[in-house]
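Have a look at the structure below before the remarks.
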Amino acid sequence: MSSTSTDHRTPRRRTQAERTEESSRRLIEAAIDLILERGSRGTTLKEVGERAGYSRGLANYRFGSKEGLFLEVLLYSRRHWREQLERELGDQRGLDAILAATDAFRRYLRCAPRHYQAMIMLWYDAVGHPSALNAKLAAHHSIQLRDVRGWVEQGIADGTIDAATDPAGFAASFYSCMFGTVYQWQLQPELFDLDRMFENYKFLVLRALTPDRN
C-alpha cells in the first residue's frame, strides 16, 4: 500500500537585505523606463516610486535625490555592461580582445538596450553641467578608454597590431564609433541595421590594425 505525502514546509522568508535589493532593482528599472519616455528632466522620484509599485516617497528615501537615483542607474547599467564584456573577453588579449569587445557591445545592445540608451541619455544631459553624476560618467569613460588602450598595447607587443598604431587615438575613435552607433540606432531604429554596422566596423578594425606583412 502506498501513501502520498505533501510537503507543507513554509517557503523561506526573504531577508531584509534581499527585499531591499529587490525594491532597489525595481525602482531603477522604473527610472530607466521613465528616462526613456520623458528624459531625465521629466523624470520625478514620486513617479519612479509609483511606477515601481511602491509608495511615492520610497525612491526619495532610498536615493535621496534625482541625482542620487541617476547615479544608481549609471552603476546598474555599467555593472550589466561589464558582466557582458567579461563573458565575451574571457582571457583574450590584444586584437582578439578588441574584436570580442565589439561583439560584446552589440550583444549588450540587443540584450539590454534600455540600460545603455538610458545611460547615454544621462550622459548627454550631464555634459556641461558639473555634478557628481558628470564626474562618475567621466570616470566610467576613462576606464573604458584605458581598457582599449591596454588591448592595443598588448596587440603591438605580441605583433597582432601594427606598431605604428596610436593606442590613445584608437581608443578615442573606438568609443566615438560606439556612441555614434547608439545615437543613430535610437534615432531611426527601423532604418539602422545594427548587426551589419558592427560587422562592417570589425572589418575596418582589422584593416586598420593588422600589420602589413608584405
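The long axis of helix 167-187 is offset from the longest Cα principal axis of the chain by roughly 50 degrees.
Using only alpha-carbon positions, what ratio does the radius of gyration of the stretch 158-214 give when scaled by 2.2 N^0.38 Å?
Numbers: Rg = 13.8 Å, N = 57, 2.2 N^0.38 = 10.2 Å.
Against the compact-globule rule of thumb, the ratio is 1.35.
Per 10 Å bin from zero, what fraction in whole % of the C-alpha pairs of the stretch 17-64 is there, up to the bin with the longest pair? All Cα pairs, binned at 10 Å, distribute as 32, 56, 11, 1 percent. Placing dummy labels 7 Å off each Cα toward the beta-carbon, the span from Leu75 to Ala163 is 4.5 nm. Along the axis of the charge dipole computed for the chain (Cβ charges of +1 for Lys and Arg, -1 for Asp and Glu, origin at the Cα centre), the listed residues Ile156, Thr15, Ala138 are led at the positive end by Thr15. Each part reduced to its alpha carbon centroid, the stretch 180-210 and the stretch 66-82 end up 25 Å apart.
About the Cα centre of the chain, what is the dipole size in debye to 20, counting +1 per Lys and Arg Cβ and -1 per Asp and Glu Cβ, all else neutral?
Values: 30 positive and 28 negative charges, 191 e Å.
That gives the chain a dipole magnitude of about 920 debye.
Note on Tyr183 and Arg41: the model spin-label points, each 7 Å out from Cα along the C-beta direction, lie 1.9 nm apart. Note on Ser173/Ala139: beta-carbon distance plugged into 1/(1 + (r/R0)^6) with R0 of 30 Å gives a FRET efficiency of 0.90.
Taken together, the values in this text are just the output of simple stated rules run on the coordinates, not laboratory data. Quantities reported herein were computed from a predicted structural model and do not represent experimental measurements. A quick note on method: Cβ atoms are made from the backbone with ideal geometry, for glycine too, and the neighbour counts reach across all protein chains shown.
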